[in-house]
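Sharing a structure below in structure tokens format, with a few things to ask.
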Amino acid sequence: GDSVTQMEGPVTLSEEAFLTINCTYTATGYPSLFWYVQYPGEGLQLLLKATKADDKGSNKGFEATYRKETTSFHLEKGSVQVSDSAVYFCALTSNRDDKIIFGKGTRLHILP
Amino acid sequence: EPEVTQTPSHQVTQMGQEVILRCVPISNHLYFYWYRQILGQKVEFLVSFYNNEISEKSEIFDDQFSVERPDGSNFTLKIRSTKLEDSAMYFCASSNIGRPETQYFGPGTRLLVL
């Protein structure tokens, strides 16, 4: 079945460092891809999405490009801030239904 | 900004007991969902609910689980006889049009079964 694999955490970086969180997927057809973020005490929030190959999703300085050839959707940010500390979830939907298939999540700690 | 709320934030129960997890979706939303995340594992879809009936459920959602929208505001998940392996974070979500990217998630209820 469809699945998402993302890098294990926690990831600890210093402020202003470059961030990459790897995500790869397995899916039949043409899934839509997402990154969600969960800040402490809050629900999962949609961070960005891409619905077809080569699309780039972006929001709040984060970017991810839908790479069909490598079945990847890596999350990147050029300069992280302490406020980016959260858990990040890579996810997909099959477009056959409205359920979301998530990865395990990657906890990110940013040190001042 | 409207948000999905869940109560309680934490629940501890004895194996075999019934628990009810509560969610208050965003008021004009029509589609409702439950997901769970066992510690260290993926967030898994449990069930979707629309028009007062289940529209889809996963293999996890067996006979010990049930969902209900008892009034115009609450959406509940009942686990009839809890097992140790039900210990997880349970997330509720709601959507106004049923598209995945329009699902708003609550902060979760952490359930611990002893």
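Looking only at the stretch A:97-112, count how many residues are at the interface with another protein chain (Cβ under 10 Å from one of its Cβ atoms) and either assigned to a loop (DSSP other than H, G, I, E, B) or under 10 Å from the mean Cα position of the chain (by Cα) (or both). Lay out the reasoning, then the answer.
In the first step, residues of the stretch A:97-112 are kept if they are at the interface with another protein chain (Cβ under 10 Å from one of its Cβ atoms); the result is A:97-105.
Filter once more, so that each one left must be either assigned to a loop (DSSP other than H, G, I, E, B) or under 10 Å from the mean Cα position of the chain (by Cα) (or both): A:97-100, A:102-105.
The total comes to 8.
I'm trying to understand the selection: among the residues of the stretch B:8-24, which are more than 10 Å from every other protein chain (Cβ to nearest Cβ) and over 17 Å from B:SER66 (Cα atoms)? Don't jump to the end; show me each part of the working.
Of all residues in the stretch B:8-24, those more than 10 Å from every other protein chain (Cβ to nearest Cβ) come to B:8, B:10-24.
Matches in the stretch B:8-24: B:PRO8, B:HIS10, B:GLN11, B:VAL12, B:THR13, B:GLN14, B:MET15.
Just to be sure before I move on: is A:THR65 of a type in the set (Val, Ile, Thr), more than 26 Å from B:GLU1 (Cα to Cα) and within 14 Å of chain B (Cβ to nearest Cβ) in the structure I sent?
Working: of a type in the set (Val, Ile, Thr): yes; more than 26 Å from B:GLU1 (Cα to Cα): yes; within 14 Å of chain B (Cβ to nearest Cβ): no.
Considered against the rule, which asks whether it is of a type in the set (Val, Ile, Thr), more than 26 Å from B:GLU1 (Cα to Cα) and within 14 Å of chain B (Cβ to nearest Cβ), A:THR65 comes out as no.
In the list A:THR70, A:THR5, A:THR93, which residue meets the criterion of being of a type in the set (Ser, Thr, Tyr) and more than 10 Å from chain B (Cβ to nearest Cβ)? Don't jump to the end; show me each part of the working.
On the way: A:THR5 fails: more than 10 Å from chain B (Cβ to nearest Cβ); A:THR93 fails: more than 10 Å from chain B (Cβ to nearest Cβ).
The conditions single out A:THR70.
Right, here's the next one. Could you tell me whether B:PHE45 is within 23 Å of A:GLN45 (Cα to Cα) and touching a residue at least 24 places away in the same chain (Cβ under 8 Å)?
Working: within 23 Å of A:GLN45 (Cα to Cα): yes; touching a residue at least 24 places away in the same chain (Cβ under 8 Å): no.
In short, no.
Also, I was wondering about something else. Which members of the stretch B:78-99 meet the condition of being within 17 Å of A:LYS99 (Cα to Cα) and either aliphatic (A, V, I, L, M) or more than 14 Å from chain A (Cβ to nearest Cβ) (or both)?
Going residue by residue through the stretch B:78-99, those that are within 17 Å of A:LYS99 (Cα to Cα) are B:90-99.
B:ALA93, B:ILE97 - these are the residues of the stretch B:78-99 that are within 17 Å of A:LYS99 (Cα to Cα) and either aliphatic (A, V, I, L, M) or more than 14 Å from chain A (Cβ to nearest Cβ) (or both).
Name every residue in the stretch A:76-96 that is closer than 15 Å to A:GLN38 by Cα and part of a strand (DSSP E or B), in order of residue number. Break it down stepwise before answering.
Step one: filter the stretch A:76-96 for residues closer than 15 Å to A:GLN38 by Cα, giving A:82-91.
Within the stretch A:76-96, A:ALA86, A:VAL87, A:TYR88, A:PHE89, A:CYS90, A:ALA91 qualify.
Return the residue satisfying two criteria in turn: it lies in the stretch A:55-75 and is more than 11 Å from the chain's Cα centre (by Cα) and not in a loop (DSSP other than H, G, I, E, B), and of such residues it is nearest to A:TYR30 (Cα to Cα).
Top of the filtered list is A:ARG67.
Go through the stretch B:16-31 and count every residue that is under 18 Å from A:GLN45 (Cβ atoms) and not β-branched (Val, Ile, Thr). Let's see the steps before the verdict.
First, the residues of the stretch B:16-31 that are under 18 Å from A:GLN45 (Cβ atoms): B:23-26, B:29, B:31.
Cutting the leftovers down to not β-branched (Val, Ile, Thr) gives us B:23, B:25, B:29, B:31.
Total satisfying the criteria: 4.
Please specify each residue of the stretch B:1-60 satisfying the condition of being among the polar types (S, T, N, Q) and within 27 Å of A:LYS104 (Cβ to Cβ).
Taking the stretch B:1-60 first, the residues among the polar types (S, T, N, Q) are B:5-7, B:9, B:11, B:13-14, B:17, B:27-28, B:37, B:41, B:48, B:51-52, B:55, B:58.
B:THR5, B:GLN6, B:THR7, B:SER9, B:GLN11, B:THR13, B:GLN37, B:GLN41, B:SER48, B:SER55, B:SER58 - these are the residues of the stretch B:1-60 that are among the polar types (S, T, N, Q) and within 27 Å of A:LYS104 (Cβ to Cβ).
Next question, about the same structure. Within the stretch B:2-114, which strands (runs of 3 or more DSSP E) (wholly inside it) include 3 or more residues that are charged (D, E, K, R)?
Numbers: elements: B:5-7, B:10-13, B:19-24, B:31-37, B:43-50, B:53-57, B:65-68, B:75-79, B:88-95, B:109-113.
Ranges flagged: B:53-57.
Restricting the first residue to the stretch A:15-35 and requiring it to be free of Cβ contacts under 8 Å to residues at least 60 places away in the same chain, which pairs with a second residue that is of a type in the set (Asp, Glu) and outside any loop (DSSP other than H, G, I, E, B) meet a Cβ separation below 8 Å and a spacing of at least six or different chains?
Going by the 8 Å Cβ cut-off, the qualifying pairs are A:THR20/A:GLU76.
Does the stretch B:7-21 include one or more residues that are among the charged types (D, E, K, R) and either free of Cβ contacts under 8 Å to residues at least 24 places away in the same chain or out of contact with any Ser or Thr (no Cβ under 6 Å at 6 or more places or on another chain) (or both)?
If we filter the stretch B:7-21 for residues that are among the charged types (D, E, K, R), which is where we start, we get B:18.
Subset that is either free of Cβ contacts under 8 Å to residues at least 24 places away in the same chain or out of contact with any Ser or Thr (no Cβ under 6 Å at 6 or more places or on another chain) (or both): B:18.
Yes, the stretch B:7-21 has at least one match.
Among the numbered criteria (1) out of contact with any Gly (no Cβ under 9 Å at 6 or more places or on another chain); (2) of a type in the set (Ser, Thr, Tyr); (3) surrounded by fewer than 20 Cβ atoms within 10 Å (Cβ to Cβ), which single criterion is violated by A:SER94?
Every condition holds for A:SER94 apart from (1).
Next question. Take the residues of the stretch B:27-59 that are buried (at least 16 other Cβ atoms within 10 Å of the Cβ) and more than 10 Å from chain A (Cβ to nearest Cβ): which is modelled with the lowest pLDDT?
Here the answer is B:HIS29.
The values are calculated or read from the model by the stated rules, or taken from the named source; none is laboratory data. Keep in mind that what you see is a predicted model, and the values were worked out from it rather than measured. As a convention, Cβ positions derive from the backbone with ideal geometry for all residues, glycine included, and neighbour counts pool all protein chains shown.
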